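Each value in this text was obtained by applying a stated rule to the coordinates, not by laboratory testing. Bear in mind the structure is a predicted one, so any value in this text is a computation, not a measurement. Heads up, the Cβs are rebuilt from the backbone with ideal geometry, glycines too, and the neighbour counts pull from every protein chain shown.
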Amino acid sequence: MSILLVDDPRPGVRRLTLNRPEKRNALDNALRGVLFDTLREADCDDSVHVSILRGAGPCFSSGYDLGSDLKANRPSYTPAGDGAWARHVTEGWLSLWDLAKPVIAQVHGYAMAGGSELAAACDLVYLADDATISHPVLRVAGTPDFAVYPWLVGVRNAMEMVLTGDAMDADEAVRTGYANRSYPVNNLDDAVLAVAERIAGVPHELLQLNKRWVYRAMEAMGARTAIRAAADLGSIASHVPSIQENMADLRSRIRDAASEG
């Protein structure tokens, strides 16, 4: 079974479906690798103007697959040392900004931790009205790996997110600016395809120029530099005794759950 399904539901529209429903589309290195490869292939295909990214099964993604070996076969090289994982995934998510073609995140159910980071890295985000966005690891392990939130939701909302680790429902995610809009669950596919069709009607040469200048504006405000700095700052967390205890407990819970499953 393919871990990533690919179809072209409309002219100019490429759709990618994360296909690990039994793992709640947890992001192991294999899935991230094929995702990046497929998005780059779409970027080089003149017939594709926009890509949609969604998840199979009950949710978009439960986050990084902590039950897999995340040190092995990473999609790209990152120098070793404290903070290597955060730097690695940050460069991966920033690579979505650097694609010529826009990418739409279509989120239903929940997007947790690394799943919420993946959605945040996309150019547009549309939610089912049952969706929740959360990063519970902020309560136990330190900074997010992809620290983009101040630029998406503003300082006050970002501060509340990272200090409480609370989840946002769809209405809150739209209100704060994490997402563009939300739709009833049964209407989400059609609503996202309608947006994608409008985008696909624009020449792809113009789409990439308009996408690029928006991210250039964010970079002028220091976004890329600060996001990368957060990965290094977060490396301090691995040396804090209470966080070491939290992570050991989390890994033990994951192992127990895996053995029971």
The simple spin-label model distance between Asp169 and Ser238, using points 7 Å out along Cα→Cβ, in nm, is 3.9
Less than 17 Å apart at the alpha-carbon level, and either on another chain or at least 8 residues along: which lysines does that give for Lys101? Lys211
Express in nm, to one decimal, how much length is gained between Met159 and Leu209 on full extension, taking 0.36 nm for each residue of separation and deducting their alpha carbon distance. 14.8 nm
Theoretical ellipticity at 222 nm over the chain - DSSP helices of four or more residues, -39500 (n - 2.57) apiece, nearest 500: -14500 deg cm²/dmol
Output the 0 to 90 degree angle, nearest 10, between the alpha-carbon long axis of helix 29-43 and the longest principal axis computed from the alpha carbons of the chain. 20
Return one number: the angle in degrees, 0 to 90 and rounded to the nearest 10, between the long axis of the Cα atoms of helix 84-97 and the longest principal axis of the Cα atoms of the chain. 10
Kindly state, to the nearest 0.05, the FRET efficiency for Asp129 paired with Ala100, given R0 = 35 Å and r defined as their beta-carbon distance. 0.65
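Run the numbers for Ser68 and Ala220: contour at 0.36 nm per residue of separation, minus the present Cα-Cα distance, in nm.
51.0 nm
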Quick one: net charge of Gly83's neighbours, Cβ under 15 Å, K/R +1, D/E -1? 0
How much length is gained on full extension from Ala248 to Tyr77, taking 0.36 nm per residue of separation minus their Cα-Cα distance? 58.9 nm
What is the angle, in °, between the Cα long axis of helix 223-234 and the longest principal axis of the Cα atoms in the chain? Nearest 10 is fine, range 0 to 90. 20
Kirkwood Rh (inverse of mean 1/r, distinct Cα pairs), the chain, angstrom: 18.7
